[in-house]
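All remarks here apply to the structure that follows.
The values are calculated or read from the model by the stated rules, or taken from the named source; none is laboratory data. Treat the numbers as computed from the prediction; the structure is a model and nothing was measured. Backbone-built Cβ (ideal geometry, glycine too); neighbour counts: all protein chains shown.
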Amino acid sequence: MDPSLPQLWEDVNDPWVVPPAYAYYRDDGTVGILDAGASTGHSFAGPGCIFLFMEPGYDAGWHTHTYGYEALVLYGEPAHMHEAGVDWADAETAAPGETFISPAMRCHSDKNTGDVMSVTLGCFDGAYDYLPELCPDPNATPSPVTPAPVATPAPLDTTQAPDTTPASGGGVVGEYDYPQIPIIELSWTENGGFRDTELTYIYSDLGETCHQACLRWGGGVYGNLYCDEQAHLGTNDVKKHLNMNTGEPGQHYDRCNKITGPDLDDEGDANPDIKDRSTDKLRGAGIGRMLSPYARFKDSRGDLVIDKCFWSTARGAHKCFGSSDKNWRLCGCAPYAELNGGNAYVPNPNVEERTPVSNPVGWHTVSDYNCNEFCRDAVCDDSGCSMDNVGTPMGLSCDGAKMTSIQGVHEMLSLADATPGITCSQVDDRGLQELNSPMYDDKNARCLVNPLGSSPQSGCHVFARTPDFKWCYCGN
């Protein structure tokens, strides 16, 4: 590395950084600095990565690049814009760890709309260049033009009113009025996923996990569907399912690509606001791959609409328990019985609320002691059962069989419902805490449980630390 250059990551707010500036890797692995707007003579000759530093308020201006790139935000929350009619107040920002993609030759602009320095790593598919001359600002006010003289038109015939006859479908002839189905009401059922078995593909609501979405779609208290983490493996249909184009009424066009509706409404009126979007692939690391595939939203005059769809082929990256307030996740829901050895959901008879609270037999939430100790030594009174109470110990035993019988999201939620004051905002059923399952992660308000059809070991001898806790069953 050039000894005259300071270390890149010593402090992104050091005064040596004079944004707008790019730092890039040379072919020999050293790092160079070039000004924003630098000519191609200062760029690297082939594919490579650059760091973009932007001070608060810096606007890169509209430009494009010969080659596409993928960007990973490292610090701050920069904004990226690539269409007319959007101002910086409404532009999407990306937080640290999130990625975005800009295809080759797509006009766009970048701006740091935040209050601190932003740092973004951009990796280009070819030589870096900066081409503002190809991208005039689409939002700029055009210069006034003196109109040429025109002949005075003949008077209009005002005796004929415009045709506003309601059409058979409920729309109006002569007016584009296609009613888009809300995204969380779309579905597509067909064989797919790693096992190539029946799956129902749906979108989660904002802030909803795929587990919760499958429960909602399955109907009933807990429903007959279960999120399948392998729903997007072994198939090349991820983008097809994102678009939800089944050919049926209301789902006869690509939702991710035609974000403002189909070309024509039911009466044949043309869409005056056609906006075509690509469905981009996520390549960088981060939470986006866990949540993908998903559709990003934007608020358009109070209505939430699709802005952009993203997908990823990372094996094992998709997780059913994650949620996002900014994205509708694409979820694959399998029949419960398929993931449970052919057995449909039946309420677990071991799940019931322990009443009254002075009753020692049943489920207890326990921190800092293992279940063997708690069931043996805790004391119960009218306030409940605790190791801090004074009196005669319970003298019971931990029932490991009942604890390991709690498997899957349905039974975890059922147990939480039977525990006063406990709500699972998410359920992680990957079995990461096999011996402590069922368990509550206080930081994330997340419940941890062993997966359906598993054969876990009893965890009577292990404990969870405050503020987390585990459920212990104490019996005779």
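Could you check, for region 121-133, whether at least one of its residues is more than 23 Å from the chain's Cα centre (by Cα), over 21 Å from Lys326 (Cβ atoms), aliphatic (A, V, I, L, M) and surrounded by fewer than 16 Cβ atoms within 10 Å (Cβ to Cβ)?
yes
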Can you name the residue in region 95-118 that is closer than 18 Å to Gly288 by Cα and not acidic (Asp, Glu) and is also farthest from the chain's Cα centre (by Cα) among such residues?
Ser102
Residues of region 355-384 being in contact with a strand residue (DSSP E or B) (Cβ under 9 Å, 6 or more places away or on another chain), free of Cβ contacts under 8 Å to residues at least 60 places away in the same chain and more than 15 Å from Gly395 (Cα to Cα), which ones?
Thr355, Val357, Gly384
Right, Trp188: at pLDDT 80 or above, assigned by TED's automatic domain parsing to the domain that holds Pro249 and at negative phi or not?
yes
Being assigned to a strand (DSSP E or B) and under 17 Å from His63 (Cα atoms) is the filter here, so list the residues in region 108-119 that pass it.
His108, Ser109, Asp110, Lys111
Got a sec? Which of Asn257, Asn224, Asn191 is in contact with a helix residue (DSSP H, G or I) (Cβ under 7 Å, 6 or more places away or on another chain) and either under 30 Å from Ala344 (Cα atoms) or among the acidic types (Asp, Glu) (or both)?
Asn224
Would you say Asp157 is over 36 Å from the mean Cα position of the chain (by Cα) and either at pLDDT below 80 or hydroxyl-bearing (Ser, Thr, Tyr) (or both)?
yes
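Each row is one residue, and each column tells you yes or no for (1) among the hydroxyl-bearing types (Ser, Thr, Tyr); (2) touching an Asp or Glu at 6+ places or on another chain (Cβ under 6 Å); (3) under 24 Å from Thr200 (Cβ atoms).
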site	(1), (2), (3)
Met244	no, no, yes
Pro249	no, no, yes
Asn271	no, yes, no
Lys275	no, no, no
By my count, helices (runs of 4 or more DSSP H) wholly in region 358-476 with at least 3 residues that are surrounded by fewer than 20 Cβ atoms within 10 Å (Cβ to Cβ) and in the same structural domain as Pro335 (by TED's automatic domain parsing) are none
